[in-house]
Every structure is written in structure tokens, then in C-alpha cells.
Amino acid sequence: MAGKALICMAAALLLSPVLMAADDGDDLTARQLADQAKDEFLDADSVHLKLTDRSTDTRTSTTQPTSMDLTLDRDGNCVGSMTMGSHGGSVEIIKQGAEVWMKPDADFWKAQVPGGEGDAVAELFKNRYIHGSTRDAMLKGMADTCDLTSFQKEVAGDEDEAKTLTKGAETTVDGTKVIPLKGMEDGKQAVLYVTSDAPHRLVKATQRGDGTDLTLTFTEYDKPVPTATPSADNSVDVDKLQQELQNV
């Protein structure tokens, strides 16, 4: 699924250990802050993550998300939504264990189903969730986006050559005091915003330059993923969707 690939790429890039400190600061060095923020993220059991991607390629793609809002955990449970670029619509997703529910909007169906059949499919499944499991190929790709463990492995596994990271003046992100840590990666500027007070956690990361415009925010560390799932009346089995698509 494009969503998982994008989110893992952004995480590995923005949280990468290749960004190393060149500044000592007052209390903790930039390196110490970055290391503690990375450790906090890797130790998290769950997190609320928001991605905004205004990059040139993403904005013109109907299959790449320009925004994602996910609460996810190490067990692969999640609740959230994503919006595609270029009028590709949006989709809500809920995953508990092996069960998956997804609710695309009309624009999503029209972008994904060829010709005028997208309108018919959108009307047939209007305001209802498609329900199945991770065994269903149609849902598995979407469900893979919910895997925090995979996300963390991407962050932990980057071992490229070190580059400098410098410490900026204290500022705030959504009312939280943070210290910006700035560095360059592949000609693009990355900024990590780490909480000033312990535990030192990453709350925001950005990357800008050469057509790239990424923002990630991280909140609600270790807060459980909501467990509510759609009722049977609000769900349609994925087999029915597959039957309809075969008739398109």
C-alpha cells in the first residue's frame, strides 16, 4: 500500500540516526536530544501520527496520500483516515486484530474504479464500511499501514553515513515547548522538534526542498487505540465488493 511506504520512508528519513549533533547546547546536546527522542519513539507501544505531504509528486497522484491521521500500536491495531492527492478521495480505516474495516468516500471510488462504474460502486456502498480480514488481498495493503512495529523497524534500521544536526532556540508546537534540531539530508532541510522537558519526545518533523514538503506530527504516546468497531448494519462483506468489481 502506498500509504505504508510513504509513512515508513518519511519516518526513516526524518528520524534517521544519520543526523548527528555538532552542537553542545546548555543542558543536553543535540545528539543527546535526538537519541532520546528516537529511543522514546522506538519504545512506544502506540502513537497518534499525522502526515501531511504537499510534495509535487504526491499532490498530482490519486494513489499517494497527501494526508494521514492514524492512531496505531505495536499489535497492528489502528483507527484513522487518509486523503489522496489530485481529487483521489479519502478513506477511513479501522483495524482490530485480523479484522479490517475501510470506508472510502465517493471520490475515492470514482478514482479507483474505471469509467462511470465508480459512481455505481460509490452509491452501492455509500456510508458503509467494507469489512474483511488481513487475509483479503483487497484489505491487506490498507491494513499494513497500521503496523507501528514495521514503522519502528524502518526508523531503527537506517545506518547511513553521519551528517550534522544543530540545535535551535526553544519554541513551541501546539503549546508544547520544543527544541528544533536542524540538519540536511539529500539536499533537503529536515527539522526535528523535540520536547524541552523529559521525557524528550519527537512531536513534529519536517522536510523541505527540491519538490519535497513533508510534515509529521507525533502525539498521545502510549495511549491505547480506540477499540470501537462498526456494526454489522454499517458494514458490507468484502466478498460483495469483489463480486461487484468483477462485473465492472
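Restricted to the range 42-55, and to residues there that are assigned to a loop (DSSP other than H, G, I, E, B) and not charged (D, E, K, R), the residue that is modelled with the highest pLDDT is Ala44. The strands (runs of 3 or more DSSP E) falling completely within the range 171-248 that include 3 or more residues that are more than 30 Å from Val100 (Cβ to Cβ) and open to solvent by 30 Å² or more (accessible area, probe 1.4 Å) map to 176-185, 188-195. The residues listed here are Asp233, Asp239; of these, the one that is touching a residue at least 24 places away in the same chain (Cβ under 8 Å) and acidic (Asp, Glu) is Asp239.
Conditions (1) open to solvent by 50 Å² or more (accessible area, probe 1.4 Å); (2) closer than 24 Å to Leu192 by Cα; (3) modelled with pLDDT of 95 or more; (4) not in a strand (DSSP E or B), marked per residue:
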{"position": "Asp57", "(1), (2), (3), (4)": "yes, yes, no, yes"}
{"position": "Thr63", "(1), (2), (3), (4)": "yes, no, no, yes"}
{"position": "Ser67", "(1), (2), (3), (4)": "no, yes, no, no"}
{"position": "Thr71", "(1), (2), (3), (4)": "no, yes, yes, no"}
{"position": "Gly76", "(1), (2), (3), (4)": "no, no, no, yes"}
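Taking the range 144-158 as the range and being of a type outside the set (A, V, I, L, M, F, W, C) and either open to solvent by less than 20 Å² (accessible area, probe 1.4 Å) or in a loop (DSSP other than H, G, I, E, B) (or both) as the test, the residues that pass are Thr145, Asp147, Gln152, Gly157, Asp158. The residues in the range 123-143 that are among the charged types (D, E, K, R) and open to solvent by less than 50 Å² (accessible area, probe 1.4 Å) can be counted, and the count is 1.
Every residue, every condition in (1) touching a Pro at 6+ places or on another chain (Cβ under 9 Å); (2) under 14 Å from Ser235 (Cα atoms); (3) polar (S, T, N, Q), yes or no:
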| residue | (1), (2), (3) |
| --- | --- |
| Ser90 | yes, no, yes |
| Glu117 | no, no, no |
| Arg128 | yes, yes, no |
| His131 | yes, yes, no |
| Thr134 | no, no, yes |
| Cys146 | no, no, no |
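Listed here are the residues, each with its yes/no results for (1) touching a Phe, Trp or Tyr at 6+ places or on another chain (Cβ under 9 Å); (2) over 17 Å from Ala111 (Cβ atoms); (3) open to solvent by less than 40 Å² (accessible area, probe 1.4 Å).
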site	(1), (2), (3)
Glu40	yes, yes, no
Arg54	no, yes, no
Met84	yes, no, yes
Ser90	yes, no, yes
Ile93	yes, no, yes
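The values are calculated or read from the model by the stated rules, or taken from the named source; none is laboratory data. None of these values were measured; they are calculated from a predicted model. Every residue, glycine among them, receives a Cβ derived from its backbone with ideal geometry; neighbour counts consider all protein chains shown. Heavy atoms of the whole protein, side chains included, go into the accessibility calculation; ligands, DNA and RNA do not. Shrake-Rupley method; radii C 1.70, N 1.55, O 1.52, S 1.80 Å.
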